[in-house]
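Below is one structure, written out as structure tokens, with a few remarks after it.
Since every read-out is calculated from the coordinates, none of them should be taken as a lab result. Bear in mind that the values here come from a model prediction, so they are computed numbers and not experimental data. Here Cβ is always computed from backbone atoms with ideal geometry, including for glycine, and neighbour counts include all displayed protein chains.
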Amino acid sequence: MHSSPSSPVVLTNVTLPDGRRADVSLRDGHIAAVHERVTPGDAPTETTGSVGDDRIELAGALLLPAFVDGHCHLDKTFLGVPWQPHMVGSTIRDRVTAELDTRRRLTTPVTERALELVHRMVEHGTGHARSHVDIDPQSRLANLHALLEVRENVRDLITLQIVAFPQSGVVAAPGVPDLLDAALREGADLVGGLDPHGFDGDVEGQLDVVFGLAERHGVGVDIHLHDPGEVGAAQLRAIAARTRALGMGGRVTVSHAYCLGDVEDATFARTAKELAGAEVSILTNGPAGPIPPVLRLREAGVRIFAGSDNIRDAWWPYGTGDMLERATIIGLRSDLMTDDELHTAASLVTTEAAAALGLDRYGLRPGSRADLVAVAAGSVAEAVAAHPRRLLVTHAGRVVATDNCPVPDLPAPQPGVQRAW
């Protein structure tokens, strides 16, 4: 059974994030109804769907809105090519140089490698992703054009935002401001930045370019910031000030922000207050070393969400594209242990990430987009802790993956089966 947005589907006997059992009707790419079951064994009622609707029995599996990968690099991945040994660099600049050398040797096109990664992400339940794409004097707009092609090819599987990312710097590399401008004209959704102090050595100069382009094109901003300590925190405050001045609250993200995990309490409090007041979001992938403190930032009113970052590329030999695994990693790194804290970990790859990316109609309410994932767990906390199988993935109401296998025909449910997983 291959479903489509015009083919109504009822997902029967699912567990909602709040623990209720329900039947969920999908129609025209959206959730049409959520009908609670009084007891788990209740049969679907006459108000759940219509005669002729396809029904998929999920036997109590947890249903979540599709995962959101708030930060990846589709153009960088080595998936689809033979294993590439990791090349260690002592500085960001050294690693940029090493990456350029490695990628020049690759013969597999960006489109093929990116598609390999996208399909893995979809199979793991990701329905939305924000990918940065390198814009530099060497590749110019070639990688952007590749990702624009990929985005069109996978639009029925996943929605992609593209950030024009100056991996070689903004003011330190000749011609990059003009290339970023061209990238935004040709289809990039946001403008990026990279370590205004540590890489460019000119905080105000880089922010002038990045926020100037954002204002000119009416797009959001997503800046990589690896600089540690007070140097990094000062840049966060400068970004917050620019955001407030331009009225861009809710449209600016700082990715990584390691400094938030290694500054003094007074500096953290001051910086978090300014980030919250400007509505600047923080992205983390839960890396080794200092990590933005999830609970402290939330308590301070700062939105924090998650992304994969690098997946099997020149920067990082690890990565699967599985955002539920990413929630687990961040939970472990952040000592999130109680059920409420595990819910927080899950929110980093669902509701918080969706809000940071500005996604419309995200969630499990009637009227929400039917971008969903069913996992073999009985609760959100168990899903984060247990790394369960993905049983079903839908995008705009269409089944796009089942049980980590790409779009097979779904077997008819077996009579009497109460827990298929």
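Considering only alpha-carbon pairs that sit under 8 angstrom and 6 or more positions apart, the relative contact order computed for the chain is 22 percent. Across the chain, the convex hull enclosing all Cα atoms gives 134 Å³ per residue.
Could you compute the FRET efficiency for T320 and L106, with r as their C-beta to C-beta distance and R0 at 25 Å, rounded to 0.05? Kindly include the intermediate steps, with their values, before the conclusion.
Values: r = 21 Å, r/R0 = 0.82.
Using R0 = 25 Å, I get an efficiency of 0.75.
The antiparallel fraction among DSSP beta bridges confined to region 268-414 stands at about 75%.
Of G60, G29, G175, which has the largest mean-square fluctuation in a 10 Å C-alpha GNM of the chain? Top of the fluctuation ranking is G175. Taking amide H atoms as placed 1.01 Å from N in the peptide plane, the amide H of A370 lies under 5 Å from those of H30, I31, A396, G397, each 5 or more residues away in sequence or on another chain. With both residues required to sit in the chain, DSSP beta bridges show an antiparallel share near 45%.
Considering only G169, G201, G125, the Gaussian network model of the chain with Cα springs below 10 Å gives its largest mean-square fluctuation to G201.
To the nearest 0.05, how large is the calculated FRET efficiency for L295 and S90 if R₀ is 35 Å and r is the Cβ-Cβ distance? Please list the in-between numbers first.
Numbers: r = 32 Å, r/R0 = 0.93.
The value I calculate is 0.60.
Largest GNM mean-square fluctuation across E352, E325, E149, computed for the chain with C-alpha springs under 10 Å, falls on E149. Consider a paramagnetic label point 7 Å from the Cα of R361 along Cα→Cβ; state which residues of region 66-82 have an amide N under 19 Å from it. Counting backbone N atoms under 19 Å from the label point, the list is 66-68. Each of D208 and W83 was given a label point 7 Å from its Cα along the Cα-to-Cβ line. The distance between the two points is 4.9 nm.
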